[in-house]
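The block underneath contains the structure these notes are about, expressed in structure tokens.
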Amino acid sequence: MLNETRLGNRIRRLRTGNRDTQARLAGRLGISASYLNLIENDRRPLTPALLGRLAEAYGIDEQIFLADAPARLRADLASIVEDPLYPGPRLGERALTELAATLPEAGRALLALFRAYLATRREAAGLGERLAGDPFLAEARHRLLTRLTSIRSYSEILRDNIDLAVDRRERFADVLVDESEQLTDLVGEVFDFLGADGAIGVGAQESPNESPAALIADLVRTHNNHYPDLEDAAEALRATLAAPSSGLYGALLEALQRDHNVALEAEAGPTTEALPRESRTFQAARRLAMLSCGPAIDRCLAGSGDLPSAASALYRQVLGSYVAAAVVMPYGPFRQAAADLRHDLALLQHHFDTSFEQVCHRLTTLQRPGAEGVPFHFLRLDIAGNVSKSFSASGLHIPRHGGLCPRWNAHLAFMTPERIDIQVAQLPDGTRYLFVAKAMSRAAAGQGAPRSYYAVAIGCDISFAPHLVYADNLVTDRPAHDVPVGLNCRQCPRRDCAQRAGPPPFVVGT
Amino acid sequence: MTQRVLVVEDEPNILDSLSFLMKQAGFDVRLARDGDAALRMVESAAPDLVLLDIMLPRRDGFDVCRTIRANPEWKDVRIVMLTAKGRKPDRRKGMQLGADDYITKPFSNREIVERVQRALDGGGPPAG
């Protein structure tokens, strides 16, 4: 299989992406530059040994290369264009082969889109049917009508028989109360069923084509965003670091050189050098984490069952970042400092020499049983409102589809970049949260490089507000002063909201 | 002579209210809570009319209806079926099996008494 793979283009792109020359990479792979040139032109195969060295050289997972070799990609693409649901245009043998060999990303994108299309079709077709024919709903309907029959009948008996004996009247009234209570329970059951975990949720879980990022987000959620094994590994790693006389960054560089013979500074290109110090510290910590805590990370990966290779590679990165964060912000000291500084994010940032986002994210991982921090939710969104990262331990449900409520101050923060925005928000169900958000921008190195704008927000239930320095000058004890928010317009019942993006939710039922 | 009505219903509260209503309307009332018991009562108590729920334990209302109609001795027994609202196929099926009328839950008390009375008087289901 491997002998037939044509990876040349991808290798070249990987190399140029790392600002490497053929000569330099060839040297690291232990081959001549001309041989590498042949490989990049698909005129020599990439042997498993070379693949391994290449993966190591760029710190990537070789599974990424193995997962969909062009031959398999070609076969997958062929199955799409032969599918009766494929709308055209026809693609011939030659086009498919070329697509798979020269633009595998485009091929995979086509594959993913078509699969998503099929899944959506299936789901749409299935939803109506499922709701109509669902045995739970059929039974619920019968039970609802049964309760209503009783209630109606007894009400009429009481209405039509003024002269009923007292004991009988009381018994009938008791039946009414009892039946009403059962009716209430039943309504709750039905809405639970229709909600996130029910009829509609099932479809989403069944989808076999969830993006790797969504899959990983689910995994992180099932771990409650806390990995005890990785915390232990990070603590052990931190203990091996020299007393950081030259700061944590220096200690990390030293450990990389000492334990892994990696000269990080020497590898760094101009892109890395342009990064702010805290980002470079974090990068160094992640590199060291990947090299030193491999076994712990592998155990976590193994514990998550069979993941598609792309998801597995991403999860490895996520777990590596987790360890890095735990090295930079060790659990015990960080939790203590957070409590002492009353979650003053700027001070925590300063104290641990790290970024705003990293501090916010680390706060959500303080879930060690018996030593929990304040339960926070976290989200990161771009200036168009797309959520690129979210986690919630605060009880707030952060919707994964359909956008966010425009009243959340995470959006508002973009109007005052680099400034903390604070909000007491009340959801339609009356739950209240303290939201703390800040918008930032960052640019790639160099003149004319576009800036990226994004906001990071954390929040907690209002009952934890006294633990946050941000609540000090706020009115938190008067719900009438709260900002009325929802989750997103699609799910929000606030008809009178002037910021509505669309009509209120449609009513289920006929 | 007092007419006898057998009420077959598994939901105790509804059984109780139907029993009250039928007694109040002057009928001699017998009760059964499942399909098997219903057939035994038809045999032993010889009711003039069976008020028959469809969803029953052991033997459903359709089956009870079919069994009654299959026995020539019981050809004069009136059958009024009861089921949850809106299940049109049930109505057709019940009438095909030989039920005299068909009432949907939730019913109004007055309506159910009238329909039972009408079935006993030999009039079929109300027009429309």
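Just so you know, all these numbers are worked out from the coordinates, no wet-lab data involved. Treat the numbers as computed from the prediction; the structure is a model and nothing was measured. Methodologically, a virtual Cβ is constructed for each residue, glycine included, from the backbone with ideal geometry; neighbour enumeration extends over all protein chains shown.
When the Cα positions of B:32, B:72, B:5 are compared along the charge dipole of segment B:4-120, B:72 comes out farthest toward the positive end, with charges on each C-beta of Lys, Arg, Asp and Glu. As I understand it, the dipole of the protein assembly as shown uses +1 on the Cβ of Lys and Arg and -1 on the Cβ of Asp and Glu, about the Cα centre. Which of A:102, A:84, A:188 lies farthest toward its positive end? Most positive-ward Cα: A:102.
Comparing B:22, B:55, B:96 along the charge dipole axis of chain B, the residue lying farthest to the positive side is B:96, per the Cβ-charge model.
Based on the mean of other beta carbon atoms within 10 Å per residue, what is the order of A:147-154, A:322-329, most packed first? Let's see the in-between values first.
Details: A:147-154: 22.1, A:322-329: 26.4.
Output ranking for A:147-154, A:322-329: A:322-329, A:147-154.
The phi torsions of segment A:309-324, fed into the Karplus equation with coefficients 6.51, -1.76 and 1.60 and a -60° offset, translate into couplings of 4, 5, 5, 5, 5, 5, 4, 4, 4, 4, 5, x, 5, 4, 4, 4 Hz, rounded to whole numbers, with Gly and Pro shown as x. Counting only aspartates and glutamates at least 8 places from residue A:389 when in the same chain, those with an alpha carbon closer than 14 Å to its own are A:218, A:357. Please label the shape of chain B as rounded, prolate or oblate, based on the square roots a ≥ b ≥ c of the eigenvalues of the alpha-carbon gyration tensor (a/c under 1.5 means rounded; beyond that, a/b larger than b/c means prolate, else oblate). It is rounded, given that a/c, with a ≥ b ≥ c, falls under 1.5. Listed by chain and number, the lysines whose alpha-carbon sits under 22 Å from that of residue B:93, ignoring those within fewer than 8 places in the same chain, are B:75, B:85, B:105.
Ordered by the number of other Cβ atoms lying within 10 Å of each residue's own Cβ, fewest first, B:27, B:107 fall into the sequence B:107, B:27.
Close amide H pairs (under 5 Å, H built 1.01 Å from N) link residue B:105 with B:83, B:84, B:85, residues at least 5 positions away or on another chain.
Here the Karplus curve 6.51 cos²θ - 1.76 cosθ + 1.60, taken at θ = phi - 60°, turns the phi angles of segment A:421-438 into couplings of 10, 10, 8, 9, 10, 10, 7, x, 7, x, 5, 10, 10, 9, 10, 10, 9, 8 Hz, with x standing for Gly and Pro. Exposure proxy for A:260, A:351: other Cβ atoms within 10 Å of each Cβ, ordered fewest to most, give A:260, A:351.
Dipole magnitude of chain A about its Cα centre, charges +1 at Lys/Arg Cβ and -1 at Asp/Glu Cβ only, in debye to the nearest 20? Present the calculation step by step, with values, prior to reporting the outcome.
Numbers: 55 positive and 60 negative charges, 382 e Å.
That gives chain A a dipole magnitude of about 1840 debye.
Cα-based radius of gyration for chain A, normalised by 2.2 N^0.38 Å, reads 1.22. What the phi angles of segment B:102-108 give under the Karplus curve with 6.51, -1.76 and 1.60, with θ = phi - 60°, is a coupling list of 8, 10, 9, 8, x, 9, 8 Hz, glycine and proline written as x.
Sorting A:492, A:293 on the 10 Å Cβ count, fewest up front, what's the list? Display every interim value, and only then the final one.
Details: A:492 22, A:293 26.
Ascending number of Cβ neighbours within 10 Å: A:492, A:293.
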